[in-house]
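Novice: Sharing a structure with you now.
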Amino acid sequence: MALVTCDFFSDSLEVGCSMNVVLPQPTEEQIGVDGDPDSRPVPRTDFPVLYLLHGLSDDHSAWLRYTSVERYAAAAGLAVVMPAVNRSFYANERTGGRYWDFISEELPTIVGNFLRVSQDPARTYVAGLSMGGYGAMKLALSHPDRFAAAATLSGALDLDELSSRPERAELFERIFGDSIPDDADVFKLLAKADAETLPRIHVSTGTEDAPGLVDGNRRFVAALEEKGADVTSDFRPGEHVWSLWDALLPEVIDWMLDPAPDPARA
């Protein structure tokens, strides 16, 4: 694998920003790395790509620092793009930066211009943890035609519940103002969506996480099922910790790249 730290200027944010990227590098002599058996030592421009989003207290380095994402990507032959969005909740902030414009419009164009990865929605994926899990669902529901699959790990999905917490009131006021807009509420986005157009969705959470977060994820799974979406859920013992997300990530990648047939949709 190749690891690239890319510092670039964002017109949406009007400031320099960063992303980390891991890229498949087919090799014959590298020791100790499991590579994709389909990779070959010739130029390629079609590697599948995963946009992997960080949580509230993290940045573009977190997934690399706290998980083995590079090894998981190498085994899968997968490019992984990890951008930084600060504490934005992937939104155009009421008083701040246009992070939704950045993540949904500008970043895919930059990645397509800079990197030799697939531009095919059938080989494009999005996932994230906590705040990033929310961002992944917002992207998948707002632009379902762009992704083959989307995953949320311990996602902060119920913004009404989160914004009611005293310790988060100032944050949500800065980002959203007095109330959460409909186009930022993943439950309302799902209610308006066409189930036939949605990508496959994976929802996972540790059952020892904050009760409000776990309940929000369970309600989101129920809403997806009621909608008739193709949803996989995984509620397992665990808290809001990197050990859980590191265990989940290779399973999510395998699920994304090798979908099992859904008998209900056959």
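The values are calculated or read from the model by the stated rules, or taken from the named source; none is laboratory data. Please read these numbers as outputs of a predicted model, since none were measured by experiment. Because the Cβ atoms are built from the backbone with ideal geometry, glycine has one as well, and the counts that use them run over all protein chains shown.
Novice: For the stretch 156-215, which residues satisfy the criterion of being outside any helix (DSSP H, G or I) and exposed (fewer than 15 other Cβ atoms within 10 Å of the Cβ)?
Specialist: From the stretch 156-215, those outside any helix (DSSP H, G or I) are 156-158, 164-165, 177-181, 185, 193-194, 198-210; that's our starting set.
SER164, ARG165, GLY177, ASP178, SER179, PRO181, ASP194, THR207, GLU208 - these are the residues of the stretch 156-215 that are outside any helix (DSSP H, G or I) and exposed (fewer than 15 other Cβ atoms within 10 Å of the Cβ).
Novice: Within the stretch 112-146, how many residues turn out to be part of a helix (DSSP H, G or I), under 22 Å from GLU93 (Cα atoms) and of a type in the set (A, V, I, L, M)? I'd like the intermediate steps shown before the answer.
Specialist: First, the residues of the stretch 112-146 that are part of a helix (DSSP H, G or I): 112-114, 121-123, 131-142, 144-146.
Add one more test, that the residue is under 22 Å from GLU93 (Cα atoms), and what stays is 131-142.
Filter once more, so that each one left must be of a type in the set (A, V, I, L, M): 131, 136-137, 139-141.
Total meeting the criteria: 6.
Novice: Could you list all residues from the stretch 70-110 that are surrounded by fewer than 18 Cβ atoms within 10 Å (Cβ to Cβ), out of contact with any helix residue (DSSP H, G or I) (no Cβ under 7 Å at 6 or more places or on another chain) and of a type in the set (Lys, Arg)?
Specialist: Correct list: ARG71 only.
Novice: Go through (1) at pLDDT below 95; (2) crowded, with 17+ Cβ neighbours inside 10 Å; (3) farther than 14 Å from VAL117 by Cβ for HIS60 and report which single condition fails.
Specialist: Status for HIS60: all satisfied but (1).
Novice: If you don't mind, there's one more thing I want to ask. Given the options THR109, THR152, name the one that is without any contact (Cβ under 8 Å) to a residue 40 or more places away in the chain and either within 20 Å of ALA184 (Cβ to Cβ) or outside any strand (DSSP E or B) (or both).
Specialist: Of THR109, THR152, the one residue that is without any contact (Cβ under 8 Å) to a residue 40 or more places away in the chain and either within 20 Å of ALA184 (Cβ to Cβ) or outside any strand (DSSP E or B) (or both) is THR109.
Novice: Now for a separate question. List, please: which pairs have Cβ atoms under 9 Å, are six or more places apart or on different chains, and start with a residue in the stretch 217-245 that is among the small types (Gly, Ala, Ser) and end with one that is at pLDDT below 95?
Specialist: Matching pairs, first to second residue: GLY228/ALA264.
Novice: Sticking with this structure for a sec: Just name the residue that is surrounded by the most Cβ atoms within 10 Å (Cβ to Cβ) out of those in the stretch 115-141 that are over 21 Å from PRO250 (Cβ atoms) and basic (Lys, Arg).
Specialist: LYS138
Novice: List the pairs whose first member sits in the stretch 114-143 and is under 19 Å from VAL4 (Cβ atoms) and free of Cβ contacts under 8 Å to residues at least 40 places away in the same chain, whose second member is part of a helix (DSSP H, G or I) and not aliphatic (A, V, I, L, M), and whose Cβ atoms are under 7 Å apart, counting only residues at least 6 apart or on separate chains?
Specialist: GLN119/GLY112
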